[in-house]
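Novice: Attaching a single structure in structure tokens format; questions to follow.
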Amino acid sequence: MDRDGVINVEKTFVLSPEEMELYPGSADAVRRINEAGYLAVVVTNQSAVARNYITPEQLGKIHEELKRLLALRRAKVDAIYYCPHREELTDEEPGNPHYIMDCECRKPKPGMLYQAAEDLDIDLSRSYLIGDSARDILAGKRAGCTTIGLKTGHALKGIDQQPDYVFDDLQQAVDYILKNNA
């Protein structure tokens, strides 16, 4: 699943642990995924690193806060994959040249999903990609996942390829997954 707009409230950038704010019910939805024996894996574009707004170490602290907030509701993510890259920057952005590149991990490319599949022995054809943006859905389709779009976050604005299913939030998506894979 995507991070911003799916698990936590969509903001332009989450730049500190204090800015991490879970959507109501998202921790409970992740806990239900855990209890059902499924993996909960986050795949997230984090161009704030390429833009030099935060360092990878600061992003690590933000992810630790996400894990802490989930743990308060007895939920956990099994892994977090992130893409720190950006293909190019505007003239106003300071940028970190080390992260300015055309990579295979930045969604809508499916590189993070392929890496998770390899690392965690995941069958992507039997997996769901849950996201709120066109790039999430396209990455999921390219990787062979069933795609679920959410009306939270970016709410699928400007989407060309429709997801396989659309739900209001992560709780409804998990309801569907658990009901149809029992």
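The values are calculated or read from the model by the stated rules, or taken from the named source; none is laboratory data. Fair warning: this is a prediction, and the values are worked out from it, not measured in the lab. Every residue, glycine as well, gets a Cβ built from its backbone with ideal geometry; the counts of neighbours run over all protein chains shown.
Novice: When you check residue 108 against the structure, is it buried (at least 20 other Cβ atoms within 10 Å of the Cβ), at pLDDT 95 or above, within 27 Å of residue 147 (Cβ to Cβ) and under 17 Å from the mean Cα position of the chain (by Cα), yes or no? Before you say what the answer is, go through the steps one by one.
Specialist: On the way: buried (at least 20 other Cβ atoms within 10 Å of the Cβ): no; at pLDDT 95 or above: yes; within 27 Å of residue 147 (Cβ to Cβ): yes; under 17 Å from the mean Cα position of the chain (by Cα): yes.
Considered against the rule, which asks whether it is buried (at least 20 other Cβ atoms within 10 Å of the Cβ), at pLDDT 95 or above, within 27 Å of residue 147 (Cβ to Cβ) and under 17 Å from the mean Cα position of the chain (by Cα), residue 108 comes out as no.
Novice: Does region 19-27 contain at least one residue that is modelled with pLDDT of 95 or more, touching a helix residue (DSSP H, G or I) at 6+ places or on another chain (Cβ under 7 Å), part of a loop (DSSP other than H, G, I, E, B) and on the phi > 0 side of the Ramachandran plot?
Specialist: There is at least one residue in region 19-27 that is modelled with pLDDT of 95 or more, touching a helix residue (DSSP H, G or I) at 6+ places or on another chain (Cβ under 7 Å), part of a loop (DSSP other than H, G, I, E, B) and on the phi > 0 side of the Ramachandran plot.
Novice: Considering only residues that are assigned to a strand (DSSP E or B) and either within 14 Å of the chain's Cα centre (by Cα) or of a type in the set (Lys, Arg) (or both), which ones fall in region 115-170? Walk me through how you get there before you give the answer.
Specialist: Restricting attention to region 115-170, the residues satisfying the condition of being assigned to a strand (DSSP E or B) are 128-131, 146-150, 165-167.
Those that are assigned to a strand (DSSP E or B) and either within 14 Å of the chain's Cα centre (by Cα) or of a type in the set (Lys, Arg) (or both): 128, 129, 130, 131, 147, 148, 149, 150.
Novice: So, in region 81-104, how many residues would count as being assigned to a loop (DSSP other than H, G, I, E, B), modelled with pLDDT of 90 or more and out of contact with any helix residue (DSSP H, G or I) (no Cβ under 8 Å at 6 or more places or on another chain)? Break it down stepwise before answering.
Specialist: So in region 81-104, the residues assigned to a loop (DSSP other than H, G, I, E, B) come out as 84-85, 87-96, 101-104.
Imposing the further condition that a residue be modelled with pLDDT of 90 or more reduces the set to 84-85, 101-104.
Still in the list and also out of contact with any helix residue (DSSP H, G or I) (no Cβ under 8 Å at 6 or more places or on another chain): 101-102.
Residues that pass the stated criteria total 2.
Novice: Still on this structure: Among the residues of region 28-58 satisfying the criterion of being over 23 Å from residue 103 (Cβ atoms) and within 14 Å of the chain's Cα centre (by Cα), which is surrounded by the most Cβ atoms within 10 Å (Cβ to Cβ)? Talk me through it step by step, then tell me what you get.
Specialist: First pass over region 28-58, keeping only residues over 23 Å from residue 103 (Cβ atoms): 28-40.
If we keep only those that are within 14 Å of the chain's Cα centre (by Cα) too, we end up with 30, 39-40.
Details: 30: 24, 39: 14, 40: 22.
Step by step, filter region 28-58, then rank; the result is 30.
Here is a yes/no grid of residues against (1) buried (at least 18 other Cβ atoms within 10 Å of the Cβ); (2) of a type outside the set (Lys, Arg); (3) closer than 25 Å to residue 35 by Cβ:
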position	(1), (2), (3)
127	yes, yes, yes
136	yes, yes, yes
162	no, yes, no
165	no, yes, yes
176	no, yes, yes
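Novice: Just wondering, is there one or more residues in region 87-104 that are surrounded by fewer than 17 Cβ atoms within 10 Å (Cβ to Cβ), free of Cβ contacts under 8 Å to residues at least 40 places away in the same chain and under 18 Å from the mean Cα position of the chain (by Cα)?
Specialist: Checked region 87-104: at least one residue is surrounded by fewer than 17 Cβ atoms within 10 Å (Cβ to Cβ), free of Cβ contacts under 8 Å to residues at least 40 places away in the same chain and under 18 Å from the mean Cα position of the chain (by Cα).
Novice: Filter region 105-124 down to the residues that are over 24 Å from residue 86 (Cα atoms) and touching a helix residue (DSSP H, G or I) at 6+ places or on another chain (Cβ under 9 Å) and list them by number.
Specialist: Passing the criteria: 122, 123, 124.
Novice: If you don't mind, another one. What are the pairs with Cβ atoms under 7 angstrom where one residue, in region 122-141, is small (Gly, Ala, Ser) and the other, located anywhere, is in a helix (DSSP H, G or I)? Sequence gap at least six, or different chains.
Specialist: 131/137; 131/140; 139/113
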